[in-house]
Amino acid sequence: MKKISIALLVIAVLAVAASNAAAGQDLVQTVTNGCKTEIEKYCKQVKPGEGRILSCLYAYQDKLSGQCEYALYDAAVQLERAVAALSYVVNECGDDLEKYCSAVRAGEGRLLNCLEKNDKKVSSRCKQALKDVGLK
């Protein structure tokens, strides 16, 4: 991989995460629903955001119900799949992102929009990867 591929990976992760905020909400909802009792009992005073609820649950990991443990496991598996999909897209679209979108600021789906605007020039590998992960 080229020198800037790590930067492209970060940019692509941010772009896809921004364009797929619903998936992130699904993960949060999975944990919130599955760990409702524990959150209310142990983490009631914790301000949500920036991983604070997860940190609280981690602090009480020896007291978590099977349902909460499963919800955390399920969210982790979903997240792992999303990261694998993003890695695949970056591997297949890295050259296209560098060539056509290097001046585009990441976030809010701007990189994905850039690839779509350059659709006629984007490689077939990249197009297929976007299709495979449901971004096209």
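Just so it is clear, none of the values below were taken in a lab; they were calculated from the coordinates. If you're wondering where the values come from, they're calculated on a predicted model, not measured in any experiment. Reconstructed Cβ throughout: ideal geometry from the backbone, glycine too, with neighbour counts over all protein chains shown.
Remarks
- Listed by Cβ neighbour count within 10 Å, with the fewest neighbours leading, ASP62, ASP132 appear as ASP62, ASP132.
- For segment 80-86, putting each phi into the Karplus relation 6.51 cos²θ - 1.76 cosθ + 1.60 with θ = phi - 60° gives couplings of 4, 5, 5, 5, 4, 5, 5 Hz, in residue order, rounded to whole numbers and with x for Gly and Pro.
- Summing Lys and Arg as +1 and Asp and Glu as -1 over all other residues whose Cβ lies under 13 Å from the Cβ of ASP119 gives a net charge of +4.
- P(r) of segment 56-101 over all Cα-Cα pairs, binned every 10 Å from zero, in whole percent: 24, 29, 20, 17, 10, 0
- Put a dot 7 Å past the Cα of VAL83, heading toward its Cβ, do the same for GLU116, and the two dots end up 2.8 nm apart.
- Take the Cβ atoms of ALA103 and TYR58, set R0 to 41 Å, and the FRET efficiency comes out at 0.55.
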